[in-house]
Amino acid sequence: MIQLKGITKSFGRQQVLKGIGLTVEKGEVVVILGPSGSGKTTLLRCINYLEKPGGGEIRIGDCRVDCRAASKKDIRELRKRTAMVFQQYNLFRHKTALENVMEGLVVVQKVPKEEARARSVQLLEKVGLGAKLDAYPSQLSGGQQQRVGIARALALNPEVILFDEPTSALDPELVGEVLAVIRKIAKEGITMIIVTHEMGFAQDVANHVIFMDEGVVVEEGRPNEIFTSPKEERTKQFLKRFTPEGVYSI
Amino acid sequence: MEQPFDIGYVFHFIPKLLSTLGTTLSIVAGSLLLGLAVGLLAALPRLYRVPVLQRVSRLYVSFFRGTPILIQLFLLYFGLPELLKQAGADISKTPVIVFVILTYGLHAGASVCEMIRAAVTAVDRGQVEAAYAVGMTGYRAFTRIVFPQAIAIALPVFSNLLLALTKETSLAFTLGVMEMTGKAQSLTTLTQHFLEAYLALALVYFAVCFTMEKLLLRAERRLLKHERQESEARKRFRSWKKLQWRRYSPEFPPGGRRQGYEA
Ligand SMILES: Nc1ncnc2c1ncn2[C@@H]1O[C@H](COP(=O)(O)OP(=O)(O)OP(=O)(O)O)[C@@H](O)[C@H]1O
Ligand SMILES: [Mg+2]
């Protein structure tokens, strides 16, 4: 179980997160929605300490970290329990698809090489890249790179995978393949927190939806509650932009 | 008295010059090692913004990049013994080549520092973040992810640096070191065949630099194998060709043709 309490974060004078609290049960898929600049990315990055929160508490499984007094060890423990899929994929450029997936297993978790390889091959096959084991990121399409990114995250066997707009850097025709992979692993009961602007996908993959704006959680609930009968005015305004008519009227 | 040109002397001089190639290469190797060590030490405080040390590093770099190597040679050769004499150490018996290697080492170190800084900064920030997200420590992220990529980026610059260094060592003759240029000088005084001696010298330097360049180019290709995708220029050329093909070929893609008939 993941629990955030009162997470705050400021960049200079600007307070980006104003005390975020949320709870994610094991096996749950939580989707975070919100307008640009509302702090979604920052929140995800606070969970694995790529960004140092100003205050609050992060709890992942048996690891509990007070953000005001986090030690290096605390940070490492948080990172061991999380994995991240980045908007820009961020695959290790000098390593092949297979090496990308193996890297964390071998270097961080000290899994024997042969075992790590076998597990990585299996994961790459699962995301449909069994034929691209030895390709470098520069030889893969965006969609393929992101699927390697997902395999790399899965390999670490984390308590939660954080997705930051996994498809928004992709050409439209490649979005489907990545969403399909995420849907597939969601069904396997892996805990995930997903930031996305793909509303259709959000609606059918999420168990729980959180709507954020200006650094606070405005509204949260089950997907059909949020999508069909939002209570807050800001949520309504935001969702209106994503109704089918809205999509085509650029 | 200057002698008339005789190509035979060129071939006669080459083996004589090659006998001092070892000295030239020792100066290059010695100062390169020193330069890499000093350059890395100078780069770290700049990369990690260590308060006082980064100023020292900046001063060092701007001095050695901003003054001619010849002056640096003289300053160290004449200045260092003076300075150490004040401190009570006598280094008047130290071989000249030590001063030469020291000077070229510090000189190369300044460029190495800039090279490392540029290369490390050029590695995408996302790479480190991905390494952290996977659970690596800062040290691991640097040695396993950033550094290998930085080396690949730096290699072309390093290649230039090494060639420049090799050529610059020719100035060591001014302090009386018997490296290749010094040898060529002594050959001219001995035989009065100036042109032949310098022609032979140019050929030897060229051969040495050419070999180095080819070897480094090969290393570069190996290290950059992960970036071996189509270059931008090539891609543009290909799409241009496709365009030409579309325009002039009588065969249209099947979809287009059917539409054409229906219309
Ligand atoms: N490193 C940073 N330095 C300064 N300000 C930052 C930094 N990162 C983010 N911000 C600011 O914090 C705010 C929230 O940014 P964040 O990236 O979390 O938004 P977001 O909800 O992910 O938006 P988007 O949907 O566009 O990705 C923005 O106003 C942004 O300008
Ligand atoms: Mg974002």
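Quick note: the coordinates plus some simple rules give every number you see, no bench work behind them. Keep in mind that this is a model prediction, so the values were computed, not measured. Glycine gets a Cβ as well: all are built from the backbone with ideal geometry, and neighbour counts include every protein chain shown.
Rounded to the nearest Å, what's the spacing between the alpha carbon centres of region B:83-156 and region A:43-120? Just the number, please.
First find each Cα centre; the distance between them is then 29 Å.
Give me the percent relative contact order of chain A, please, defined on Cα pairs under 8 angstrom at least 6 residues apart.
About 25 percent, as a whole number.
By a straight-distance test (C-alpha under 19 Å), which lysines pair with A:LYS187 as possible cross-link partners, with residues fewer than eight away in the same chain excluded?
A:LYS26, A:LYS126
So who's got an amide H within less than 5 Å of the one on A:GLU219, skipping anything under 5 residues away but keeping other chains? H placed 1.01 Å off N, in plane.
A:PHE211
If amide H atoms are built 1.01 Å from N in the plane of the peptide, which residues on other chains or at least 5 residues away come under 5 Å of the amide H of A:GLU51?
Hits under the 5 Å cutoff: A:CYS46.
In Å and from the alpha-carbon atoms only, list the Rg and Dmax of region B:83-154.
19.7, 56
Give me the distance between the Cα centres of region B:164-221 and region B:6-54, rounded to whole Å.
13
Averaged across A:103-109, how many Cβ atoms of other chains sit within 10 Å of each residue's Cβ atom?
Average per residue, whole number: 5.
Using 10 Å bins from zero, what percent of all Cα-Cα pairs in region B:51-176 falls into each bin?
11, 30, 29, 17, 10, 2
Mind scanning A:LYS110/B:LYS214; A:LYS18/A:LYS231; A:LYS80/A:LYS231; A:LYS40/A:LYS73 and naming the pairs with a C-alpha gap bigger than 30 Å?
In this structure, A:LYS110/B:LYS214; A:LYS80/A:LYS231 exceed 30 Å between Cα atoms.
Collect residues whose amide H, placed 1.01 Å from N in the peptide plane, falls under 5 Å from the amide H of A:LEU129; neighbours closer than 5 in sequence don't count.
Here the answer is none, since no amide H 5 or more places off falls under 5 Å of that of A:LEU129.
Quick one: dipole size for the protein assembly as shown, taken about the Cα centre, charges +1 on Lys/Arg Cβ and -1 on Asp/Glu Cβ, in debye to the nearest 20.
260
Work out how far the C-alpha atoms of region B:1-118 reach from end to end along every principal axis, then list the three figures in whole Å, largest first.
Extents along the principal axes: 62, 40, 23 Å.
Calculate one ³J(HN,Hα) per residue across region A:93-105 by plugging θ = phi - 60° into the Karplus curve 6.51 cos²θ - 1.76 cosθ + 1.60, and present them in order as whole Hz with x for glycine and proline.
Result, rounded to whole Hz: 5, 9, 10, 6, 3, 4, 5, 4, 6, 6, 3, x, 4.
Specify, per residue and in Å³, the volume enclosed by the convex hull of the alpha carbon atoms belonging to chain B.
Hull volume normalised by residue count: 243 Å³.
Among B:SER111, B:LEU25, B:ALA131, pick out the residue whose Cα is farthest towards the positive end of the charge dipole of chain B, where Lys and Arg carry +1 and Asp and Glu carry -1 on C-beta, about the Cα centre.
Working it through, the farthest residue towards the positive pole turns out to be B:ALA131.
Mind listing the phi-derived Karplus ³J(HN,Hα) values for region A:175-188, rounded to whole Hz, using 6.51, -1.76 and 1.60 with θ = phi - 60°, and x for any glycine or proline?
Ordered by residue, 3J(HN,Hα) equals 4, x, 5, 6, 4, 4, 5, 5, 4, 4, 6, 4, 5, 7 Hz.
Do you know the relative contact order of region B:112-170, to the nearest whole percent, from alpha carbon pairs under 8 angstrom that are 6+ apart?
With pairs under 8 Å counted, the relative contact order is 45 percent.
Counting only Cα atoms, I'd like the Rg/Rh figure for the protein assembly as shown, Kirkwood definition for Rh.
1.12
If you plug each phi of region B:29-45 into the Karplus form 6.51 cos²θ - 1.76 cosθ + 1.60 with θ = phi - 60°, what whole-Hz ³J(HN,Hα) values come out, in order, with x for Gly and Pro?
5, x, 6, 5, 4, 4, x, 5, 5, 5, x, 5, 4, 6, 6, 4, x
Based on Cα coordinates alone, diagonalise the gyration tensor for region A:1-154, multiply each eigenvalue by 5, take square roots, and list the semi-axes in whole Å, largest first.
31, 18, 14
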